[in-house]
Amino acid sequence: MESSFWRMNNLLVIVAMLASLGAGLVQPAQAAAVASSDPAPIQPDVHVALERKGEAEVLVILETQASLSATIDMATKREKGTFVYQELVNTARRSQAPLAAFLDARGATYHAYWIVNMFRVTADAALVEALARQPGVARIEIYNPPYPDVEGHDLGPYGQEQGPQAPAVEPEVQGASIPGYGHEFGPLGASLDAVEWNIARVHADSAWEIGIDGSGVVIGNLDTGVQWDHPALVNQYRPQIAGAASRHDYNWYNGGMAGAPTDYNGHGTHTMGTIIGDDGGENQIGVAPGAQWIACPGVGSPYVGPFECFEFFLAPTRLDGTDPRPDLAPHVISNSWSGAGTNYQAAIQVLYAAGIFFSKSAGNTGPGCSTVTNPGQWPEVTAVANFMQGDAIASSSSRGPVTIGYDQYVKPDLAAPGTSIRSSIPGSIYGTMSGTSMACPHVTGAVALLINANPELAGKIDVLQMILKQTAEPKISAQCTPFVDVPNNVWGWGILNVEAAVGMAQKMTFGGLDGAVIDGATSLPIPGAELIFEDTATNWQLAMLADANGDYWRELPGGTYDLKGQAYGYLPGMAAGVVISAGVTVTQDIVLLPAPVWNVSGQVTEEDSGDPLAASITFVDTPVAANTDPATGVYTAAVPQGTWWVRVESPGHASEVVQVV
């Protein structure tokens, strides 16, 4: 197959700030309307896969997606989860029939999802092009199978992880002969009549001494599966649900396949042991031995992948996939895997809205910077680095920063032991593994201990993240700029400190803050305004969005807060010194004044020739867009006061992004 190549010339963008137009919301300049017959955008990786293999696994994302904003006003995890599940399923039922009929008529192989309103389709180039022209299709993205985050197998940083994929199925073998990915197994560990070094290093045993062991908390493990009857795990496997035909209903899902949980590789049994393992004797290998676990083998199983497992964890089902029960959802999911180029953020945001914590291995593509693996880059995810005995970061542990949009952010979030970790492996025995896969389970178990210590924390993901980060043992590294203090792009906020985190959780109380965000010129509400709550003692910020009526309600840890409101087209508004006390709801409205509006003008020319260009100008995350005059390359756009990223695109030229203040 021949490839087409073309030269992408550079743009030269000249921007000038001109006169103020006064205050008030902008009636934006609009780019030329896109014809309704234009196809939905297709991710470039799809074309790469089609050229390499002739067909590709693609995700066809629909325009209609569920609105989950109402969870803002819900106090309990159970309430959030039930609402989220119902909205997702109802949205899928209302909108998927036309595309399903089209795929059926083409004889296509596909799977419909509701965790995100989309289809996974095996498609050749002709089918991909046809799908892009179907009504209601928003975009088409690549799907690549996931792989365990163990040393020797990672494919690269998120979005650039093309390479050989993990085999669909690995035979289950036992003991030291388990090959694993990258041969991560070390010698079988001897039985020890003591707490493992990694458990002691994060001070989990100190929490046990005061009766905090994860009791009352359910943990989901998305991995290669689990040997469910391993002596260190069987007693923590969630008991049979009332009315279920077997203990495995609601506790294990493998795409409708009958039978007990199994491990396709050995990796999942090991990570599960570090989260929760304890045989009642000499093998104290887990952080939260009093918690319960359920599992889905989305890494390596031929029957399920991460999206199927996300659906199961949001609403656990019987073995055959029937009778979903969102009330049985876990509190936290452990994810010691990566997915090459597949975009999981929308599904993770759904889990976040449902109050389910998502811990993730940072990846093993270090020691270079900006190597955190997908989906560890997203803010909803807590990504975990790997350090060795002696508190040295592992060379293979992935580093930050990550880039989202046009801004850089700190990753990983925390560090935990991940080298030569002794845990359970299939065959009812024990062995060692290394990698961020082994670090992540420590944070998963820590979340269970925090919720055990203070059940009010269930479903409050940003508060749980705050506790873990604020109580971490600080570690400094200047290796990866721009974040080189605390936090930094090697250690994040530092080494997980379970004892300190549990202590903070036990003391934490909650009160409420409600009100409205109001336009100071019209006294009308401002829907969807962003609210930032900054603790004056720690400067830590929590955030949320106002609802469609401009109203907000938020549970906050007790303390004193400065409240900031902001929205497109307005100057920020402040309310300082708002005191939150246990069990008390305080009302505080925020008034925003319309921002002055300015004309931004400039010229777009080709860098080499200096010729003016026909180009589109987009002010990112605003409704403002404009086109240049093709004869002069000049454009003008009216935008409110603020700092904006401006994206400039012209056919046959590399796009440019500039910042306008």
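The values are calculated or read from the model by the stated rules, or taken from the named source; none is laboratory data. Computed from a predicted structure; not experimentally measured. FYI the Cβ positions are ideal-geometry reconstructions off the backbone, even for glycines, and counts take in every protein chain you see. Surface accessibility is based on the protein's heavy atoms, side chains included, excluding ligands, DNA and RNA. Shrake-Rupley method; radii C 1.70, N 1.55, O 1.52, S 1.80 Å.
Seen through its C-alpha gyration tensor, with square-root eigenvalues sorted a ≥ b ≥ c, the stretch 340-453 comes out oblate because a/c lies at 1.5 or above while a/b is not bigger than b/c. Measuring spread by the Cα atoms of the stretch 513-661 yields a radius of gyration and Dmax of 20.3, 67 Å.
For the stretch 489-573, the Cα gyration tensor yields ellipsoid semi-axes of 31, 15, 10 Å (square root of five times each eigenvalue, largest first, whole Å). Other residues with beta-carbon under 13 Å from the beta-carbon of Phe83 carry, at +1 per Lys or Arg and -1 per Asp or Glu, a net charge of -1. Radius of gyration (Cα atoms) of the stretch 529-611, expressed as a multiple of 2.2 N^0.38 Å: 1.62. Percentage of Cα-Cα pair distances in the chain greater than 41 Å, rounded to whole percent? Cα-Cα pairs of the chain separated by over 41 Å account for 30 percent.
Taking GluC sites (Glu not before Pro) as exposed when their DSSP state is a loop state and no more than 15 other Cβ atoms lie within 10 Å, the longest site-free interval of the chain runs over 283-606.
The base-10 log of I(q)/I(0) for the stretch 260-370, evaluated at q = 0.20 Å⁻¹, reads -1.28 [Debye formula, identical scatterers on Cα atoms, solvent excluded].
Estimated from helices alone, the mean residue ellipticity of the chain at 222 nm is -5500 deg cm²/dmol (sum of -39500 (n - 2.57) over DSSP H runs with n ≥ 4, per residue). Which translational diffusion coefficient, to the nearest whole µm²/s, is obtained for the stretch 470-539 from the Stokes-Einstein equation, given a Kirkwood hydrodynamic radius over C-alpha pairs, 37 °C and 0.692 mPa s? Estimated via Stokes-Einstein, D reaches 207 µm²/s. The residue among Gly376, Gly107, Ala340 whose Cα reaches farthest toward the positive pole of the charge dipole of the chain, with charges on the beta-carbon of Lys, Arg, Asp and Glu, is Gly107. In terms of its C-alpha gyration tensor, the stretch 407-520 comes out oblate, because a/c is 1.5 or above while a/b does not outweigh b/c. In plain terms, the chain from Ala125 to Ile210 could stretch by 24.5 nm, reckoned as 0.36 nm per residue minus the Cα-Cα distance. Rounded to the nearest 0.05, the FRET efficiency derived from the C-beta distance between Val584 and Tyr409 at R0 = 41 Å is 0.75.
Simple point charges give the picture: +1 on the Cβ of Lys and Arg, -1 on the Cβ of Asp and Glu, and for the chain a dipole about the Cα centre of about 460 debye. Hey, what angle do you get for helix 461-470 against the long axis of the chain, alpha-carbon based, 0 to 90 degrees rounded to 10? The helix 461-470 is inclined about 70 degrees to the chain. Where in the chain lies the longest segment free of trypsin sites (Lys or Arg not before Pro) that are both loop residues by DSSP (not H, G, I, E, B) and have at most 11 other Cβ atoms within 10 Å? That gives 134-661 as the longest site-free run.
Annotation: per residue accessible area for the stretch 398-437 equals 22 Å², rounded to a whole number [probe 1.4 Å, protein chains only].
Rounded to the nearest 20 debye, the dipole magnitude of the stretch 536-609 is 440 debye, with +1 charges on Lys and Arg beta carbons, -1 on Asp and Glu beta carbons, and the Cα centre as origin. The local environment of Asn283, defined by Cβ-Cβ distances under 9 Å, has a net charge of -3 under the rule Lys, Arg +1 and Asp, Glu -1.
In the chain, the longest principal axis of the Cα atoms and the axis of helix 498-507 are about 70 degrees apart.
Report, to the nearest 10°, how far helix 436-453 tilts away from the longest principal axis of the Cα atoms in the chain, using its own Cα long axis and a range of 0 to 90°. The two axes meet at around 80 degrees.
If I measure Cβ to Cβ between cysteines in the chain, which ones have no partner under 4.7 Å? Isolated Cys, the chain: Cys440. Principal axis extents of the Cα atoms in the stretch 305-389, from largest to smallest and rounded to whole angstrom, are 46, 30, 23. Apply the Debye scattering formula to the stretch 71-138, with a single equal point scatterer on each alpha-carbon and no solvent, then give log10 I(q)/I(0) at q = 0.28 Å⁻¹. Taking Cα atoms of the stretch 71-138 as identical point scatterers yields -1.28. Given +1 at the Cβ of Lys and Arg, -1 at the Cβ of Asp and Glu and no other charges, the dipole of the stretch 477-578 around its Cα centre is 140 debye to the nearest 20. Beta bridges per DSSP, both residues in the chain: antiparallel share near 75 percent. Whenever you get a sec, compute what percent of the accessible area on the stretch 375-423 sits on carbon and sulfur atoms (1.4 Å probe). Here it works out to 53 percent. Label sites at Ala346 and Val634, each approximated as a point 7 angstrom past Cα along Cα to Cβ, lie 4.2 nm apart.
If you model the stretch 55-97 as an ellipsoid using its alpha carbon gyration tensor, with each semi-axis the square root of five times an eigenvalue, the axes come out at 26, 11, 9 Å, biggest first.
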